[in-house]
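Trainee: Just passing along the structure, written as structure tokens.
The numbers here are math on the coordinates, done by the rules we state, and not lab data. This is a predicted model, so every value here is computed, not measured. Note: ideal-geometry Cβ built from the backbone for every residue, glycine included; neighbour counts use all protein chains shown.
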Amino acid sequence: MSRVSQPWPPVAVEPAVPHPKAPVAGTELGVHFNECFGCGDEADAGLHLRSTVGEGQVVHSRFTVTAAHQGAPGLAHGGLLACAFDEALGSAVGNLMRRPAVTGKLETDFRRPVPVGSTLFIETRLDGVAGRKIYVSADGHLDAADGPIAVSARALFIVVAFDHFSTHGDPEALEKLAAQHEKNQREREERGWEINP
Ligand SMILES: CCCCCCCCCC(=O)SCCNC(=O)CCNC(=O)[C@H](O)C(C)(C)COP(=O)(O)OP(=O)(O)OC[C@H]1O[C@@H](n2cnc3c(N)ncnc32)[C@H](O)[C@@H]1OP(=O)(O)O
């Protein structure tokens, strides 16, 4: 079956240049919010996705599919896989560009079933920027960084003002997030990494 794809990015873009203080290649990215379904330690049935900065404008993420993530028996739910990509792509945008941004559009191609127990290795690339619009894409490889591609995704993130989160979100949770951010900063400093304000 052939897959028809629109040009990507769909508009003229500038190169997505990582922020001068973006974490360097090899940096393991921390949990951005403990209750986040995508990466949080306190989200018991969550994805517990973990990410590391790669060379260039790339972030490598991985997560292991558990029984809590099933759609069909023994297989990951497609919406759950889309969630993993939202997290991986958002993490690449947030950490490399260091601009607050939210997902405006997320498109997924499911190419192979992803069984419970398998690990998806997601490689995310920054594809370009047009004003507030940041275009990113990713491939999810099954069970190894060079394994077969099971899922691909493309997304548009929109840069927002910080008050997007205080206006629409939960102020208490934002306080928790600020505390988490400080903890991440301290840990980075202790490990001698570049400070990530
Ligand atoms: C370190 C951090 C790690 C974080 C990882 C977490 C990853 C998880 C990320 C998420 O899941 S975020 C949650 C899901 N997303 C949302 O809740 C967003 C809900 N939508 C909105 O709040 C607003 O629609 C939005 C802020 C995205 C845009 O509203 P605005 O009024 O600010 O902007 P506007 O609608 O004018 O759009 C700005 C530009 O984007 C374009 N645009 C917006 N949505 C689009 C869309 N869906 N498709 C195509 N283009 C779109 C729009 O056409 C326009 O293009 P131009 O600048 O060329 O005029």
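Trainee: Can you tell me which residue in the stretch 47-57 is farthest from Thr27 (Cα to Cα), limited to those that are within 14 Å of the chain's Cα centre (by Cα) and assigned to a loop (DSSP other than H, G, I, E, B)?
Mentor: For the stretch 47-57, the residue satisfying everything is Leu47.
Trainee: Just checking, how many residues over the stretch 73-88 are in contact (Cβ under 8 Å) with a residue 24 or more places away in the chain and away from the ligand (no atom under 16 Å from the Cβ)?
Mentor: Selection size over the stretch 73-88: 4.
Trainee: Out of the residues in the stretch 1-52 that are among the β-branched types (Val, Ile, Thr) and away from the ligand (no atom under 12 Å from the Cβ), which is nearest to Arg186 (Cα to Cα)?
Mentor: Filtering the stretch 1-52 for residues that are among the β-branched types (Val, Ile, Thr) and away from the ligand (no atom under 12 Å from the Cβ), the one nearest to Arg186 (Cα to Cα) comes out as Thr27.
Trainee: Say whether the condition of being of a type in the set (Asp, Glu) and part of a strand (DSSP E or B) is met by at least one residue in the stretch 14-32.
Mentor: The answer is yes, given that some residue of the stretch 14-32 is of a type in the set (Asp, Glu) and part of a strand (DSSP E or B).
Trainee: Does at least one position in the stretch 105-117 carry a residue that is loosely packed, with under 15 Cβ neighbours inside 10 Å, under 21 Å from Val11 (Cβ atoms) and near the ligand (Cβ under 10 Å from one of its atoms)?
Mentor: Yes, that holds for at least one residue.
Trainee: When both residues are 6+ apart or on different chains and their Cβ atoms are under 6 Å apart, which pairs have a first residue that lies in the stretch 58-69 and is assigned to a loop (DSSP other than H, G, I, E, B), and a second that is surrounded by fewer than 20 Cβ atoms within 10 Å (Cβ to Cβ)?
Mentor: Pairs found: Val65/Val116; Val65/Ser118.
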